[in-house]
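K.L.:
Quick one: this structure, given as structure tokens, is what I'll be asking you about.
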Amino acid sequence: MKAYIPNALSLFRMFAWIPIIAVTLAGYPFYALVLYGAAAITDWLDGYLARKWKVTSPFGQKVDQEADKVLVLALLIFASLYIGFYTESLAGSFWVAIAAAIFFARDYAVYSMRAWLRSKELPPLPSSHIAKGKTTVQMISVGCWFTSLVWLGVSFLFWVTLLVAVGMTLYTLWDYHLQYQNARAAYEAK
């Protein structure tokens with residue numbers, strides 16, 4: 001039974017955006033914030049339990065990574081639409097959509113680089129500490145947005161953390177690109 005709990009937590013996180021959006025639209029942003037907090041905590045908890053119970057698996061590792069991406073991107077797209085429709089701030093909506101697009105493009109580019117390396121049977125690009133930190137800052141940023149729905153005075157934290165997350169996203173893309181270029185050059189030099 002223990003073997004399934006970490007993966008179940010990751011799957012909960014992957015699909016938590018659905019009830020979070022529903023609760024927000026129903027007019028209960030505080031409960032959406034609590035639900036989001038529970039989903040965000042599973043990012044740490046699933047890995048911790050899998051390592052503690054020695055039930056790590058390739059499936060679990062992949063689902064864990066994808067769950068983070070799905071949760072953050074789905075909620076940022078929702079935030080962009082919410083900001084546009086409910087606050088009528090088209091500029092705010094636009095910048096959140098741009099951030100979401102940058103996050104998606106970076107993830108797609110890294111996935112493509114890793115796929116090419118796999119196709120040539122080369123070692124994968126390792127996750128860096130800053131890439132893991134980027135995910136944490138992205139999640140904090142989304143949490144700040146939900147917090148700003150409850151306590152209006154903290155919306156500046158959302159914009160600051162979103163900007164930091166965009167910077168970290170671009171930096172990690174550049175870092176992965178350099179690693180990829182080095183691996184590709186070494187492969188082609190053979």
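K.L.:
Anything in the range 77-91 that is surrounded by fewer than 17 Cβ atoms within 10 Å (Cβ to Cβ) and assigned to a helix (DSSP H, G or I)? List them, or say none.
P.N.:
L81, F85, Y86, L90, A91
Every residue, every condition in (1) surrounded by 14 or more Cβ atoms within 10 Å (Cβ to Cβ); (2) modelled with pLDDT of 95 or more; (3) of a type in the set (G, A, S), yes or no:
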| site | (1), (2), (3) |
| --- | --- |
| A74 | yes, yes, yes |
| A115 | no, yes, yes |
| S119 | no, yes, yes |
| F146 | yes, yes, no |
| G153 | no, no, yes |
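K.L.:
Determine whether the range 47-60 contains at least one residue that is loosely packed, with under 15 Cβ neighbours inside 10 Å and closer than 22 Å to T169 by Cα.
P.N.:
No, the range 47-60 has no match at all.
K.L.:
How about the range 147-190: which of its residues are in contact (Cβ under 8 Å) with a residue 60 or more places away in the chain, touching a Phe, Trp or Tyr at 6+ places or on another chain (Cβ under 6 Å) and more than 12 Å from A131 (Cα to Cα)?
P.N.:
V150
K.L.:
Could you tell me which of the residues A109, A131 is over 28 Å from A22 (Cβ atoms), touching a Ser or Thr at 6+ places or on another chain (Cβ under 6 Å) and either aliphatic (A, V, I, L, M) or surrounded by fewer than 15 Cβ atoms within 10 Å (Cβ to Cβ) (or both)? Spell out how you get there, then give the answer.
P.N.:
Numbers: A109 fails: touching a Ser or Thr at 6+ places or on another chain (Cβ under 6 Å).
Only one candidate passes the filter, namely A131.
K.L.:
Please verify whether S141 is closer than 23 Å to R13 by Cβ and either outside any helix (DSSP H, G or I) or more than 18 Å from the chain's Cα centre (by Cα) (or both), treating the condition exactly as stated.
P.N.:
Details: closer than 23 Å to R13 by Cβ: yes; either outside any helix (DSSP H, G or I) or more than 18 Å from the chain's Cα centre (by Cα) (or both): no.
Judged against the criteria, S141 is not a match.
K.L.:
Continuing with the same structure: Could you check T56 against (1) more than 20 Å from W151 (Cβ to Cβ); (2) part of a helix (DSSP H, G or I); (3) among the polar types (S, T, N, Q); (4) more than 19 Å from the chain's Cα centre (by Cα) and say which number it fails?
P.N.:
(2)
The values are calculated or read from the model by the stated rules, or taken from the named source; none is laboratory data. What you see is a predicted model; the values in this text were computed from it and never measured. Cβ atoms come from the backbone with ideal geometry, glycine included; neighbour counts cover every protein chain shown.
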